[in-house]
Structures are given as structure tokens and as C-alpha cells.
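For reference, the structure is listed below as C-alpha cells.
What follows draws every value from the coordinates through simple rules; no lab data is involved. These figures come from a predicted structure and were not determined experimentally. When we count neighbours, we look across all protein chains shown, and the Cβ atoms used for this are built from the backbone with ideal geometry, even at glycine.
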Amino acid sequence: MKKRLYLIGGPMGVGKTTVCQILKRRLDRAVFLDGDWCWDADPFQVTDETKQMVLDNIRYLLNSFLGCPAYQNILFCWVMHEQSILDAILSGLALDGCEVCALSLVCTPEVLEQRLQQDIRRGLRGPDSIPRSQSRLPLYDSLRTQKIDVSHLTPEQTAERIAALL
């Protein structure tokens with residue numbers, strides 16, 4: 001069977017991690033990787049050097065799992081709001097015999113605010129996450145990805161749609 005790489009982007013708070021956790025249990029021989037794991041630092045510093053290091057680390061991890069016969073489905077999520085980010089990731093991957101499914105999870109600004117408010121109440125995010133996340137929402141329109149509007153979908157319904165794609 002062919003390997004499948006799912007690149008799942010979307011603004012913070014849209015549900016990428018939750019959907020990937022569901023897909024990991026639903027898909028055969030699946031592994032879930034989150035780009036945030038490669039850039040969870042304090043202080044969080046965005047420089048040309050740190051951006052390159054994070055992309056190198058993401059490509060290394062993805063290539064390791066793509067090359068491992070134990071896994072058939074590789075799920076990767078991150079806030080991939082620019083085509084250049086997707087292109088940079090894909091350009092460094094060994095994709096022979098692999099199907100790639102690039103997706104963007106999107107929703108209305110109102111739904112995104114509601115979801116982020118829940119995270120703020122639970123202490124998972126700060127109030128500044130709402131305007132930052134909402135400002136990136138329109139950027140997903142121009143990406144060469146399949147868009148899934150999750151405004152009226154549960155995470156389980158979203159995972160079901162993604163699982164049916166390939």
C-alpha cells in the first residue's frame with residue numbers, strides 16, 4: 001500500500017490537533033506530528049536562522065517517518081498560512097510512492113473566536129490569540145490546498161471527511 005502524507009494547516013484554534021488525534025486512531029498504521037513541537041521555545045524567537053532550523057527539523061522528522069515501513073499514514077499539522085511554507089516543507093521530502101493530501105481547515109471568524117475563547121478560559125491561550133488567528137484566516141484562500149470549512153463540523157465529522165479523501 002502507498003504511504004499517505006496529510007499536511008493539515010489552518011489558523012490556531014481551528015481544531016487541527018484534535019482532528020489529527022482522531023485520524024491517528026482511525027487510520028491504519030498512523031503517526032501524528034505537530035509542527036509546534038519543533039518550535040516550542042521560551043523566548044519564542046522568529047529569525048531567519050530559527051525559521052530555517054525549524055523547517056529543517058520538520059523535514060527531518062517527516063522523512064524519518066516516510067522512510068519507516070511501520071507507518072502508512074503520516075499526519076502533520078501546523079499553522080501553514082503561506083504557500084512558501086508548504087513548498088519549503090515539500091521540497092525537502094522523499095515522496096517516492098507517497099500520496100500527499102494538503103488541506104486547510106478554515107471556519108468563520110465568529111466560530112474561530114468562540115473556539116479560541118474556550119481555550120482562553122481553560123488557560124491554554126492568551127487573549128491576543130484571537131486577533132492574531134483571525135488575521136491569518138484570509139491567507140488560506142490563496143493556498144494550493146483543499147479547504148474544509150469546519151464551522152459547522154465536529155472534529156469527528158472533520159476527521160471522517162479527511163479519511164474519505166484518499
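Only Cα pairs within less than 10 Å get springs; with that Gaussian network setup on the chain, which residue of PRO109, PRO131, PRO43 has the largest fluctuation?
Fluctuation is largest for PRO43.
Using a Cα-Cα cut-off of under 29 Å, which lysines could be cross-linked to LYS51, ignoring same-chain neighbours fewer than 8 residues away?
LYS51 reaches LYS3, LYS16, LYS24, LYS147.
Looking at the stretch 1-82, which trypsin sites (Lys or Arg not before Pro) are DSSP coil and have at most 10 other C-beta atoms within 10 Å of their C-beta?
Numbers: sites: LYS2, LYS3, ARG4, LYS16, LYS24, ARG25, ARG26, ARG29, LYS51, ARG59; in loops: LYS2, ARG29.
Passing sites in the stretch 1-82 are LYS2.
Can you find, among ILE85, SER133, GLY67, the residue farthest towards the positive end of the dipole of the chain? Put +1 on the C-beta of Lys and Arg, -1 on that of Asp and Glu.
Of the listed residues, the answer is GLY67.
For the chain, what is the calculated [θ] at 222 nm in deg cm²/dmol (nearest 500), taking -39500 (n - 2.57) for each run of four or more DSSP H residues and dividing by its residue count?
The helix-only estimate for the chain comes to -12500 deg cm²/dmol at 222 nm.
Pick out which of ALA41, ALA70, ALA30 has the largest mean-square fluctuation in a Gaussian network model of the chain, springs linking Cα atoms closer than 10 Å.
Among ALA41, ALA70, ALA30, the largest GNM mean-square fluctuation belongs to ALA41.
Please give the length that would be gained between ASP48 and LYS2 if that part of the chain were fully extended, namely 0.36 nm times their separation in residues minus their C-alpha to C-alpha distance (nm, one decimal).
Numbers: separation 46, 0.36 × 46 = 16.56 nm, distance 3.51 nm.
Extra length available between ASP48 and LYS2 comes to 13.0 nm.
What Kirkwood hydrodynamic radius do you get for the stretch 3-163 when you take the inverse of the mean 1/r over all pairs of distinct Cα atoms, in Å? Before the final figure, lay out each step's value.
Numbers: mean 1/r = 0.0616 Å⁻¹.
Value: 16.2 Å, from the Cα pair sum.
Output wanted: per-residue J couplings in Hz (rounded whole) for the stretch 133-146, from phi through Karplus 6.51 cos²θ - 1.76 cosθ + 1.60, θ = phi - 60°, x for Gly and Pro.
5, 5, 5, 8, 3, x, 5, 6, 4, 8, 6, 8, 9, 7
For VAL100 and GLN114, compute 0.36 nm times the residue count separating them, minus their Cα-Cα distance, and round to one decimal in nm.
On the way: separation 14, 0.36 × 14 = 5.04 nm, distance 3.11 nm.
Stretched out fully, the VAL100 to GLN114 stretch lengthens by 1.9 nm.
How many percent of Cα pairs in the stretch 83-160 exceed 18 Å? Can you show the working numbers first?
Details: 1640 of 3003 pairs.
Result for the distance tail: 55 percent.
Explain nothing, just the number: relative contact order of the stretch 3-163, from Cα pairs under 8 Å at least 6 residues apart, as a whole percent.
That works out to 39 percent.
If amide H atoms are built 1.01 Å from N in the plane of the peptide, which residues on other chains or at least 5 residues away come under 5 Å of the amide H of ARG125?
ILE120
Return the loop-located trypsin sites (Lys or Arg not before Pro) in the stretch 67-166 (DSSP other than H, G, I, E, B) with at most 11 other Cβ atoms within 10 Å of their own Cβ; answer none if there are none. Don't skip to the end; give the middle numbers.
Details: sites: ARG115, ARG121, ARG122, ARG125, ARG132, ARG136, ARG144, LYS147, ARG161; in loops: ARG122, ARG125, ARG144.
Answer by residue number: ARG122, ARG144.
Roughly how many debye, to the nearest 20, is the charge dipole of the chain about its Cα centre, given +1 on each Lys and Arg Cβ, -1 on each Asp and Glu Cβ, and no other charges? It would help to have the intermediate numbers written out before the result.
Working: 19 positive and 20 negative charges, 111 e Å.
Dipole about the Cα centre, nearest 20: 540 debye.
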